[in-house]
Amino acid sequence: MSKAILVDTTRCVGCQRCVAACKLVNGLLKGSRSDFLTTDSLRTLGPDTDLALDETGDDELSANALNVVQTRGSVYVRRFCMHCQDPTCVSVCPVGAFRKTAAGPVVYEEERCMGCRYCMMACPFGVPRYEWNKVLTPRVKKCNMCAPRQAKGLKPACTEVCPVQAGIFGEREDLMREAETRLRQEPAKYLQYVYGEQEVGGTSVLYLSAVPFEGLGLPVNLPHDALPTYTWRVLSEIPTEVALGGALLGGIWWITKRREEVAKAEREGGKRP
Amino acid sequence: MNLEKLPKFTFWRGVLVVILAAGFYSTLLRFTKGLGAATHLSDRFPWGLWIGFDVICGVGLAAGGFTLAATVYVFNLRRFHPVLRPSILTAFLGYALVAVALLYDLGRPYNIWHPLIMWNPHSVMFEVAWCVMLYLTVLALEFSPAVFEHFRMQKPLKLFKAITIPLVIAGVLLSTLHQSSLGSLFLIVPSKLHPYWYSPLLPLFFFISAVGTGMGIVIFESNLSARAFGRELEMPLLAALGRAMAVVLGLYGILRLQDLWRRGALVHLREPSTETVLFALEMVLGLLTPLFMLLFRRVREDREGLFAAAVLVITGFLLNRLNVSITGLEYSAHAHYFPKWTEVAVTLSMVGMMFLCFALAVRYLNVFEAEPSGEMRGVEA
């Protein structure tokens with residue numbers, strides 16, 4: 001059992017409250033507007049909370065915007081980390097700086113990170129962002145599904161402040177059932193597909209839409225296998241390869257050496273050694 | 001001051017000074033203002049020239065070392081001995097380039113040692129990190145006899161003679177793993193890398209092409225050093241290497257084409273895209289042309305002809321690696337990347353330093369050995 005978020009793009013009105021709440025709890029507001037270190041990251045929020053909406057409106061994810069609402073035609077689509085079931089970033093990180101928690105969120109430990117940015121290369125959704133202008137301690141930035149809030153029994157900030165329930169938080173299985181119910185009840189309204197159910201082995205963020213997902217900017221060419229299996233297939237063979245390769249090379253060396261010895265002995269007219 | 005003691009000022013030395021000065025400025029920029037100021041890298045394009053060229057090409061160009069070490073010691077083809085030591089030196093310098101480039105490219109270079117204690121065997125990058133560390137050590141050991149000879153240290157020479165074979169075998173295994181793992185790095189991006197280059201066989205392709213290019217590098221560098229240090233060329237040896245290179249290229253070509261065919265990637269040839277141009281360049285200029293040339297004994301035994309073929313093979317190799325690591329990813333990133341001049345300056349400085357170190361090693365150590373005298377003959381790996 002792990003937590004997930006269901007985003008219904010047919011409900012979103014583009015108010016940007018989720019963006020403002022995300023900036024608040026992640027300490028990304030400018031100047032002194034955020035009281036991050038003391039209370040903000042764990043404060044209770046609701047659909048009526050007063051938020052800094054003037055600092056929202058980013059088009060793209062960045063180190064300062066871990067959740068954005070994009071306008072695609074007449075549809076608003078929220079983009080943030082998909083929190084894959086078998087995350088690519090977790091598998092590619094050479095030092096294990098990413099971890100999929102049992103509760104659902106994929107979290108990052110900056111102390112381990114050496115900044116190789118393979119996670120950014122590899123993420124099929126292009127989510128992780130980098131603090132390019134920090135000199136000494138640049139970090140990879142991405143949504144952590146408010147893991148610290150979840151640990152305190154709170155919901156992710158973005159789902160708490162949504163006035164229209166476009167993003168709801170719950171157990172993934174419950175949300176899958178909810179999504180299927182909506183598709184069944186209003187078949188004319190929805191495209192009959194839950195994005196995230198199977199993409200790269202399934203994600204903990206699920207999307208519903210009335211228009212093709214390609215039009216929402218979500219990648220539609222993803223396999224249904226978890227991507228880590230693509231590299232593990234090769235990596236898991238390494239011990240065998242090393243053992244066989246070592247034996248093979250050693251064998252060849254022994255044969256060529258022996259042949260040389262024999263040739264030398266025969267040249268000298270003696271018996272075979 | 002005695003001006004006659006200063007090195008003569010030649011054109012190439014002038015170029016080197018300019019490059020190193022630009023590289024010095026870029027280094028300051030990188031370590032005082034960060035990656036954002038010193039590169040054109042972005043969230044959409046997190047890897048650029050330093051990874052695509054310095055690391056991925058640098059490792060490949062070092063492939064002459066393990067190819068020849070295996071040829072001489074494992075397959076016991078002793079006649080290739082004269083070109084072995086310079087290839088080991090090139091490989092060592094190539095790997096040093098990789099290690100230094102990583103210090104520039106990593107966001108937190110002071111954490112470069114983390115893979116030693118923080119393990120993630122599911123990560124190809126973890127494998128890469130270990131291969132770089134271990135193989136750099138092996139190469140240093142393989143080249144060390146040249147240093148011991150210089151200082152007439154008999155004891156370590158004897159010691160190394162005893163461990164030559166295990167060392168060479170370890171080197172070959174590590175190289176095999178490392179060359180192929182650079183291809184495996186990109187197995188994780190099936191939806192991002194253009195179908196011309198994405199294949200489940202990437203690790204195999206990277207390995208085979210590295211072996212072929214390794215021979216090309218030996219030919220290339222033998223020519224250059226013959227010119228620079230006024231030495232005789234080992235033409236019959238190089239011609240034999242040219243023939244082996246043709247065999248490897250042929251195998252690579254067949255595998256590559258049947259893979260493209262099987263995956264149906266060749267339909268993209270109808271699209272007049274940048275990718276198509278680059279792919280065609282890579283295949284025609286870097287693979288088919290040199291392969292065709294090398295089929296003729298006249299070309300293989302001709303100094304200029306063989307040199308030209310080797311240059312084409314190396315060019316094809318560089319094109320392939322840059323296509324896989326940079327240009328093949330542009331179409332899915334919806335972004336264009338072109339290195340900032342400071343990135344180029346750092347890369348050129350490092351290549352310049354490689355040439356400089358090579359020249360210094362040739363001057364002070366016994367790199368191109370004449371037949372080594374009996375007692376002094378240690379491990380000439």
### Query
Based on Cβ point charges of +1 for Lys and Arg and -1 for Asp and Glu, what charge dipole magnitude is obtained for the protein assembly as shown about its Cα centre, in debye rounded to the nearest 20?
1200 debye
### Message
Can you give the local net charge around B:Gly36? Use residues other than it whose beta-carbon is closer than 9 angstrom to its beta-carbon, Lys and Arg +1, Asp and Glu -1.
### Response
+1
### Query
What is the sum of charges around A:Gln70, taking Lys and Arg as +1, Asp and Glu as -1, for the other residues whose C-beta is under 11 Å from the C-beta of A:Gln70?
0
### Query
Using the scaling law 2.2 N^0.38 Å as the reference, what is the normalised Cα Rg of segment B:160-288?
1.29
### Query
Taking the Cα centre of each part, how many Å lie between segment A:50-108 and segment B:95-118?
27 Å
## Note on the structure
So, over other residues within a Cβ distance under 12 Å of B:Ser180, counting Lys, Arg +1 and Asp, Glu -1, the net charge is -3
### Query
Against the longest principal axis of chain A, how steep is helix A:238-267, in degrees 0 to 90 to the nearest 10, with axes from Cα atoms?
20 degrees
### Task
State, to one decimal in nm², a quarter of the convex hull surface area for the C-alpha atoms of segment B:53-199, i.e. the direction-averaged projected area.
10.9 nm²
## Note on the structure
Mean Cβ-within-10 Å packing, highest first, puts peptides B:279-285, B:123-129, A:149-155 in the order B:123-129, B:279-285, A:149-155
### Message
Give me, ordered by chain and number, the residues 5 or more places off A:Gln70 or on other chains with an amide H under 5 Å from its own placed amide H.
### Response
A:Val77, A:Arg78, A:Arg79
### Query
Could you state the number of Å between the C-alpha centres of segment B:9-54 and segment A:128-162?
32 Å
### Message
Using Cα-Cα distances under 8 Å and only pairs 6 or more residues apart, what relative contact order does chain A have, in percent?
### Response
24 percent
### Query
Shape call for segment B:223-381 from the C-alpha gyration tensor, a ≥ b ≥ c root eigenvalues: rounded (a/c under 1.5), prolate (a/b greater than b/c) or oblate?
oblate
### Task
Treat the protein assembly as shown as a sphere of radius equal to its Kirkwood radius over Cα pairs and apply Stokes-Einstein at 4 °C in a medium of 1.567 mPa s; give the translational diffusion coefficient in µm²/s, rounded to a whole number.
47 µm²/s
### Query
Using the Cα atoms of segment A:98-152 to build a convex hull, what is its mean projected area in square nanometres?
4.3 nm²
### segment A:142-234 - Kirkwood radius from inverse mean 1/r over Cα pairs (Å)
15.1 Å
### Query
Within 10 Å of each Cβ of A:123-132, how many other protein chain Cβ atoms are there on average?
5
### Task
Take every Cα-Cα distance within chain B, group them into 20 Å bins from 0 onward, and report for each bin the whole-number percent of pairs it holds.
27, 58, 15, 0
#### Entry: Assigned charges on the beta-carbon of Lys, Arg, Asp, Glu; segment B:62-167 dipole about Cα centre (debye)
520 debye
### Query
Could you give the semi-axes, largest first, of the ellipsoid that matches chain A, computed as the square roots of 5 times the alpha carbon gyration tensor eigenvalues and rounded to whole Å?
51, 23, 15
### Query
Taking segment B:140-174, which chymotrypsin sites (Phe, Trp or Tyr not before Pro) meet the DSSP loop condition and have no more than 12 other C-beta atoms within 10 Å?
B:Phe151
### Query
What nm value, rounded to one decimal, do you get for the distance between B:Ser42 and B:Gln258 when each label is placed 7 Å out toward the C-beta?
4.2 nm
### Only Lys, Arg (+1) and Asp, Glu (-1) charged, at Cβ; segment A:1-134 dipole about Cα centre in debye
280 debye
### Message
What is the ratio of the Cα radius of gyration of segment B:6-114 to 2.2 N^0.38 Å, with N the residue count, to two decimals?
### Response
1.39
### Query
Considering only A:Leu45, A:Val106, A:Asn64, whose Cα is most displaced toward the positive end of the charge dipole of segment A:33-142, charges sitting on Cβ of Lys, Arg (+1) and Asp, Glu (-1)?
A:Val106
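Quick note: the coordinates plus some simple rules give every number you see, no bench work behind them. On a predicted model such as this, the values are computed, not experimentally measured, just so you know. In this analysis, Cβ positions are derived from the backbone assuming ideal geometry, glycine residues included, and neighbour counts consider all displayed protein chains.
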